[in-house]
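Report on one structure; see the data block that follows.
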Amino acid sequence: MAIQATSSIYIAKSVSDAVSALTDQGPSAELFAGGTWIMRAPLRQEKERHSYVALSKLPELSVITVSENEISIGSCVTHAELAEALDGLPDMHVLVTAAAKSANPAIRRVATVGGNLSTVKFSAADLVPAMLCLEAEVEFMSEAGIERMPLGDYLHRPAGAARVMTRVILPRSEALSAHARLPLRKAGDYPVAIVSIAVARRADGLIAAARVAVGSVENVARRWQTLESAMSGLALDPHLIAGRAAELLGDFRARDGIEADGWYRLKVLPTLVRRALETITQQ
Amino acid sequence: MNTFADPTKAVMNLARRDARDKLRGRTRYTVDHVTPGTLHAFLLRSQIASARIVSLDTSVARKMPGVRGIATAEDAPGMHGIGIADHPLFAKDIIRYDGEPIAAVAAETLEQAKAAVAAIIVELEPLPAIVTMAEALAPDAALIHKDWKNYEVLLEGAARGGNVAWEAKVIRGDTDAAFARPDVEIIDSCFRVGRQNHVPFEPRAVVATFEDGRFHIQTSTQVPWTVRHVTAKVLGIPNSQVRVTVPPVGGAFGLKFDCSLEPFAAILARATGRRVALVNSRREEMLTCLCRENAEIRIRSAVTKDGEIVGREATVLMDCGAYGGEQVFLTTMTAHTLGGNYRLGSVRLSSRAVYTNTAPNGAFRACNGVYNTFALERHTDEICQAIGMNPLEFRRINVIGDQDIGATGQVFEGNVLGPMLERMEQLKQKMPSKRALAGNRLYGRATTVGTWFIFVGPSAATVNLNTDGSATLVTSGVEIGSGTMMQSLPQIVAASLGIDPSEVIVKTADTDASGFDLGVGGGRTTVSIGAASVAACEEVRKTILTVASEMLQTKAERLVLGNGRVEIIGVPGSGMTIAAVAKRAQELFGPVAGSGAFTKPGIPAMAGCAMGHFIDAIDIPVFAVHECEVAVDPDTGHVEILDYRVVQDVGRALNPRAIHGQIQGGVVQGLGYALHEEMSLDGFGRIRQSGLETYRLPLAQDVVPVQIDLYEGGPSIGPLGTKGAGEVPILNVGAVVACAVANAIGKPVHELPLTPPRVLSLILEDSHNLDLEHISRKWEENTIR
Amino acid sequence: MSLQLDVNGEDRMFYGDPMTPLLDVLRNTFLLTGAKDVCREGFCGACTVRIDGVPTMSCLRPVALLQDSKIVTIEGLGIEGDLTPLQQAFEDHDAVQCGMCFPGMVMSLTEFLGRRPEASREEMKEALVGNICRCTGYERIIDAALSVRLALEAAE
């Protein structure tokens, strides 16, 4: 007796093949990389789409190249692979922490960079603020060809267009960085607030430029421009800068959630800023 | 004849015989019995908390692919409950909670069953939903059970009315006079706690067949006889038409101390003539769990400056959800917990099980003892602050001791809590304090005491002595993970018969094979089933010794059973194997067997003290002393447990290693209650935490190894002087963590769980006391008059 | 749709929806019920199996993507009748209670111990962030795992 298959999954042969498949199948189709959010959809009572385009057989999307000027990370690189590949690189501490500490070990071995950056409804994604503070650019392929855009813009992209992220490009720098995440248990739950910081210092030790990204506080992670401006020219003093951060909490419209309300996410931000900076001073 | 000339023969760290298969993934729990060809059932559940059912149309659903049967309220005329029969199997005419079953479908596949459920047409007229107990108790509140007066009452003596499903009261002595004394300080505290979900890894699950006019229900349960009785009651058939068997259970913790899914599967098995499986999804388990209830408490005490408690009054509101269930029974336990631990000059307690339009609650490891102990111990620390007394000193002088009178007037035997406090001091000396680990964080520590009980009641056992020298123990006991069926019981039977525990076959529960049993839980398995087993063994011993006496031409009093042999005392190597005697006995009298029974002996309470109580006085109290050290992060509110110690009253430790495992596990489950496991309701009466993403269980990094001292020798009528040990480890955890955190932050703690946001708000805000305005300071106003 | 899978060294056929989670295929089609269906979200670890040597939550992997993979379940561990050293340690320490989490624990910890035999107690607890136990309170599981490491060290 033939069993009616209610879903279909097409394993793309190339990135352009994936783009074509997405275009052909229209808005009912979804990309499948790590797929952790897709596989959870029935539980979360989300409307399931039924046709998928899988990227699992595209080795070019799993490549990481490290050069003097930039790092290129394939969109299907897993969290675990990312943490291992970048471990020890002085400017990548923030990303290694984010990739190594998120979720749990088994999820980290499956969940991809592309998935983490692209899942719009997942506000607590660790890699997003980490890559924002590293000024990541996202490269993707669509019917129009290959395009790049800053990650910040990508996070606010219009829905609908058939796009396959191919890689993330991170410029190298002298900046030191750190990632401070706050789950409610020691680990294992999605952080209620995340601060990722990269700091470049002048010859005299004062801050030349800082890039601060905040995740999980609002629906979409973003840069904390007012704090970045305030930090410019200051000494790298975690307590002092945390104090400045406490004055700038009004920048955010913090979200309420089942696990924590907005006031708490804001309240802990200065502490996370301090912790991230303390980690940087120890590097 | 003295069965246990040497009770220590029963004491050993016997390994569990079921560990191998569990480790290899071979153990088949009920959820693993859904073999090909079994129909899959799925429930149509209400998506709204309160409504009138205008119409229900299953005609489209019946014609959908793979559908073999559909059941609705017409198939289940009976109502069930504890104390009052207020609970129909399907919602009939009225929906009272979000998630209430309206219909059930059986189909060839689960997907087909779900599709058919989605095709059932229900017309509902929404009604106002009462989501909080304050709303339910308001003078003009709508009645959740309009027909409450006509319900069948199964135990007389309680007050009921309006949205109060059941009210139990204690009145002993004159509290008005106590509170009016000029030499007392009056301390008044309010507390509030949320629900806790058991999250057993195996959800509620059942597989049912109907053959030869009888139902065979295979289910993941703690109470096969309750399942038998309730299934029969709601279907309107004789109990004898229902047979219940129980595979290994993948965790229960009290969730499965009730009948729940079984009747649905039974009805569908009868309707379809096929084997039917019904397994709750995790989402269903989260949203319709029979949780530890949310509760609100006001407790006030009149205390002299010397620390004498001359009067105590308390009111506890217990949310039973849409139907009374376990909370009706549990109103009894307030007296023995919130009214426990300490000597009281006079006392008045009111425990009210209150209806709301939310999922019914149930029993969860030490039930309301857990939050009552939290409230009582925090209140005790507040008393100490008010009168300026050291909290340990206050407890030392006030804990219940020999001949002291409890809240309902029962007289306690023996000094147990006092010496246990001493043992805790010794335990604290053994290991240095972990204060240094707190670093820059706030440090606190506390000691708390707790009183719980062993849930005695009827159990039956039969022991068959086989001619190969093995013995089969037949009871309705279930192995839920605590190990009693794998360890304590074979140890007891083996020691009684003089054979090795590996020679004791433990038959899995089958209501067709063994007599009535109240169920596994409440710490009762070792005590009640153990006592019945001892009685059964006694009959077998008599037979063996009589026959051996004849065979050996020696008086029975001079014979001893041990190592699989009957020997003459003082003459090692004499006699013969028990197997040989059993063979001879079988030739002479037929197969050798013994039967035993046990129920509660019945300790008296003081006449007139307890109204509406299922248990006036506890037959076997169990005491616990817990101590912990915590570090609180003042910037984020995170609480870390630095160290944790337990002194537990076990009577006699039959399997110390197993008890240690129960204590470690129970404390961790308690840490979940104290710190992490939050269940909240949205404004529509639905539970918000629908899975393990939002319901946070303790993980390996969140726990510490518990230091344990097993206190033996406390009086117990249990076999060999044992008390049950599996339930009470959770009793004090919320209390001791709350007291330690309150000490660390220097602010009172009145709510659990102490999640980081809650702790941080306590740190940041000015101290304010929780004041539950809907619980009056005038005690009488919180009772039905 | 029909798929061929390598499960415990054996070729097995599956006919059905390609997005079916591996967990359901193992339990319902192949009747390998050792992997447990507990949370279906990837938090509890009770469904953990090895895919190409990597401990993976089988509730989150669609069967269609696993045709070229070697799948090993708890039933495929150890030699007929014998426990693996880690399983034996769990038995020796009387660590098992209800038992539902243990197949997943064995899967996760076996791979971790193989990769990080020198891990500390704290590191082992961190490795178990994705393996929940509701019964035991974890410490004895860690004790047992550490004893395996010490036994392996002693053997060298």
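The values are calculated or read from the model by the stated rules, or taken from the named source; none is laboratory data. Quick caveat: nothing in here was measured; it's all calculated off a predicted structure. Counting neighbours? That spans all protein chains shown, and the Cβs are built from the backbone with ideal geometry, glycine included.
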Only one residue in B:Ala436, B:Ala446, B:Ala461 is part of a strand (DSSP E or B), over 23 Å from the mean Cα position of the chain (by Cα) and hydrophobic (A, V, I, L, M, F, W, C). Which one?
-> B:Ala446
Among (1) over 24 Å from A:Arg44 (Cα atoms); (2) in contact (Cβ under 8 Å) with a residue 40 or more places away in the chain; (3) in a strand (DSSP E or B), the one test that C:Val49 misses = (1)
Residue list for segment C:18-46, filter: touching a Lys or Arg at 6+ places or on another chain (Cβ under 9 Å), within 13 Å of chain B (Cβ to nearest Cβ), β-branched (Val, Ile, Thr) and touching a residue at least 12 places away in the same chain (Cβ under 8 Å) | C:Thr29, C:Val38
Of B:Thr408, B:Thr358, the only residue that is modelled with pLDDT under 95, in a loop (DSSP other than H, G, I, E, B), surrounded by 24 or more Cβ atoms within 10 Å (Cβ to Cβ) and β-branched (Val, Ile, Thr) is B:Thr408
Looking at (1) modelled with pLDDT under 95; (2) more than 7 Å from every other protein chain (Cβ to nearest Cβ); (3) more than 28 Å from B:Gly251 (Cα to Cα), find the lone condition where C:Asp52 falls short.
-> (1)
Inside segment B:747-772, can you point out the residues that are surrounded by fewer than 21 Cβ atoms within 10 Å (Cβ to Cβ) and either touching a residue at least 60 places away in the same chain (Cβ under 8 Å) or not in a loop (DSSP other than H, G, I, E, B) (or both)?
-> B:Pro748, B:Glu751, B:Arg758, B:Ser761, B:Ile763, B:Leu764, B:Asn769, B:Leu770, B:Asp771, B:Leu772
Scan of segment B:366-405 for residues that are assigned to a loop (DSSP other than H, G, I, E, B) and within 30 Å of B:Lys256 (Cβ to Cβ), ordered by number | B:Ala366
From B:Thr472, B:Thr484, which residue is assigned to a loop (DSSP other than H, G, I, E, B) and either in contact with a Gly (Cβ under 9 Å, 6 or more places away or on another chain) or under 18 Å from B:Gly596 (Cα atoms) (or both)?
-> B:Thr484
Which condition number in (1) without any contact (Cβ under 8 Å) to a residue 12 or more places away in the chain; (2) part of a loop (DSSP other than H, G, I, E, B); (3) not hydroxyl-bearing (Ser, Thr, Tyr) is the one that A:Asn219 fails?
-> (1)
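Take B:Gly457 and tell me if it is modelled with pLDDT under 95, surrounded by 23 or more Cβ atoms within 10 Å (Cβ to Cβ) and touching a helix residue (DSSP H, G or I) at 6+ places or on another chain (Cβ under 9 Å).
Values: modelled with pLDDT under 95: yes; surrounded by 23 or more Cβ atoms within 10 Å (Cβ to Cβ): no; touching a helix residue (DSSP H, G or I) at 6+ places or on another chain (Cβ under 9 Å): yes.
In short, no.
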Among the residues of segment A:81-106, write down those that are in contact (Cβ under 8 Å) with a residue 40 or more places away in the chain, within 14 Å of chain C (Cβ to nearest Cβ) and touching a strand residue (DSSP E or B) at 6+ places or on another chain (Cβ under 7 Å).
-> A:Thr97, A:Lys101
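Give the residue, chosen from A:Leu31, A:Leu43, A:Leu61, A:Leu89, that is of a type outside the set (Ser, Thr, Tyr) and either surrounded by fewer than 14 Cβ atoms within 10 Å (Cβ to Cβ) or within 30 Å of A:Val199 (Cβ to Cβ) (or both). If you could, list the steps in order and put the result at the bottom.
Values: A:Leu31 fails: either surrounded by fewer than 14 Cβ atoms within 10 Å (Cβ to Cβ) or within 30 Å of A:Val199 (Cβ to Cβ) (or both); A:Leu43 fails: either surrounded by fewer than 14 Cβ atoms within 10 Å (Cβ to Cβ) or within 30 Å of A:Val199 (Cβ to Cβ) (or both); A:Leu61 fails: either surrounded by fewer than 14 Cβ atoms within 10 Å (Cβ to Cβ) or within 30 Å of A:Val199 (Cβ to Cβ) (or both).
Every option except A:Leu89 fails the conditions.
For segment B:624-640, indicate whether the set of residues that are of a type in the set (Gly, Ala, Ser), within 14 Å of chain A (Cβ to nearest Cβ), surrounded by 17 or more Cβ atoms within 10 Å (Cβ to Cβ) and not in a strand (DSSP E or B) is non-empty.
First pass over segment B:624-640, keeping only residues of a type in the set (Gly, Ala, Ser): B:624, B:631, B:637.
From what's left, within 14 Å of chain A (Cβ to nearest Cβ): B:631, B:637.
Imposing the further condition that a residue be surrounded by 17 or more Cβ atoms within 10 Å (Cβ to Cβ) reduces the set to B:631, B:637.
Now narrow it down to the ones that are not in a strand (DSSP E or B): B:637.
Checked against the condition, which is being of a type in the set (Gly, Ala, Ser), within 14 Å of chain A (Cβ to nearest Cβ), surrounded by 17 or more Cβ atoms within 10 Å (Cβ to Cβ) and not in a strand (DSSP E or B), segment B:624-640 yields at least one hit.
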Just one listed residue, out of B:Val540, B:Val547, B:Val566, B:Val581, is aliphatic (A, V, I, L, M) and assigned to a strand (DSSP E or B), and it is B:Val566
Could you tell me which residue of segment A:173-188 is nearest to the other protein chains (Cβ to nearest Cβ), considering only residues that are in a loop (DSSP other than H, G, I, E, B) and over 29 Å from B:Leu699 (Cα atoms)?
-> A:Ala175
Look at segment A:118-156 and say how many of its residues are over 12 Å from A:Leu170 (Cβ atoms) and not in a strand (DSSP E or B).
-> 18
Please tell me if B:Leu671 is within 14 Å of chain C (Cβ to nearest Cβ), in contact (Cβ under 8 Å) with a residue 40 or more places away in the chain and part of a loop (DSSP other than H, G, I, E, B).
-> no
Evaluation of C:Met1 against (1) within 13 Å of chain B (Cβ to nearest Cβ); (2) in contact with a Pro (Cβ under 8 Å, 6 or more places away or on another chain); (3) at pLDDT below 95 (one fails), failing number = (1)
Listed by first then second residue, the pairs whose first member lies in segment A:237-254 and is under 17 Å from B:Thr636 (Cβ atoms), whose partner is among the acidic types (Asp, Glu) and not in a loop (DSSP other than H, G, I, E, B), with beta carbons under 7 Å and at least 6 positions apart or on separate chains, are A:Pro238/A:Glu278
